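Note sheet for the following structure.
The values are calculated or read from the model by the stated rules, or taken from the named source; none is laboratory data. On a predicted model such as this, the values are computed, not experimentally measured, just so you know. All Cβ positions, glycine included, derive from the backbone under ideal geometry; neighbour counts span all protein chains shown. Note: areas computed on protein heavy atoms with side chains; ligands, DNA, RNA excluded. Shrake-Rupley method; radii C 1.70, N 1.55, O 1.52, S 1.80 Å.
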Amino acid sequence: TITILTEDGLVQKQIMQPGWLSPDLSVGDELSVVVVGTVYQQPHKCFLNRTVNDPLVFKYGKREVVSGLEIGIASMKQGERAKFIVRGPYGYGADPPWEVVRPFAPLEFDVTLLCWGQRDLTEGRGGVLFTEIQRAMSWQFPEQLDD
């Protein structure tokens, strides 16, 4: 079954293996994915291949990947494997970074979502990773708490 993810139909998804937990993404959350990117219907024209041992890690909402891939990954569940067809303005546009991809070429991404939601509070040094478990409704300083 193919799901259309954008109103104009230019980003499509096919689930290959279902996942189990939906992300609640916030801008800046780090996502870790296994991904193979090829020119649509030309699998020999591979331009991106990241494995479990070397996943693609990027920050959601920061334009670090093409918008079609970000839209697709935002629709996934943890552990899910899906294929995305990305066309037009959701791909690399007029100036793709790889010679194998012609301008405005339709792309296919085979993606597995490994994990999400951690923010590196040490500006990319990996020293402190923050995960929000539950958003606080209020807070107090310790001296304000009742004994």
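Just one of the listed residues (L21, L48) is under 14 Å from C115 (Cβ atoms) and not aromatic (F, W, Y), and it is L21.
Just one of the numbered conditions (1) open to solvent by 20 Å² or more (accessible area, probe 1.4 Å); (2) under 19 Å from D8 (Cβ atoms) is not true of L69: (1).
For I4, indicate whether it is surrounded by 18 or more Cβ atoms within 10 Å (Cβ to Cβ), farther than 20 Å from P96 by Cα and either of a type in the set (V, I, T) or free of Cβ contacts under 8 Å to residues at least 24 places away in the same chain (or both). The answer is no for I4.
The set of residues in segment 81-95 that are open to solvent by less than 20 Å² (accessible area, probe 1.4 Å), more than 12 Å from the chain's Cα centre (by Cα) and in contact (Cβ under 8 Å) with a residue 12 or more places away in the chain comprises V86, G91. In this structure, P103 qualifies as in a loop (DSSP other than H, G, I, E, B) and free of Cβ contacts under 8 Å to residues at least 60 places away in the same chain. Every condition in (1) modelled with pLDDT of 95 or more; (2) of a type outside the set (V, I, T); (3) touching a helix residue (DSSP H, G or I) at 6+ places or on another chain (Cβ under 8 Å) is met by L31 except one, and the failing one is (1). Inside segment 54-66, can you point out the residues that are over 20 Å from A105 (Cα atoms), in contact with a Leu (Cβ under 8 Å, 6 or more places away or on another chain), open to solvent by 20 Å² or more (accessible area, probe 1.4 Å) and not basic (K, R)? Across segment 54-66, the qualifying residues are P55, L56, V57, Y60, G61.
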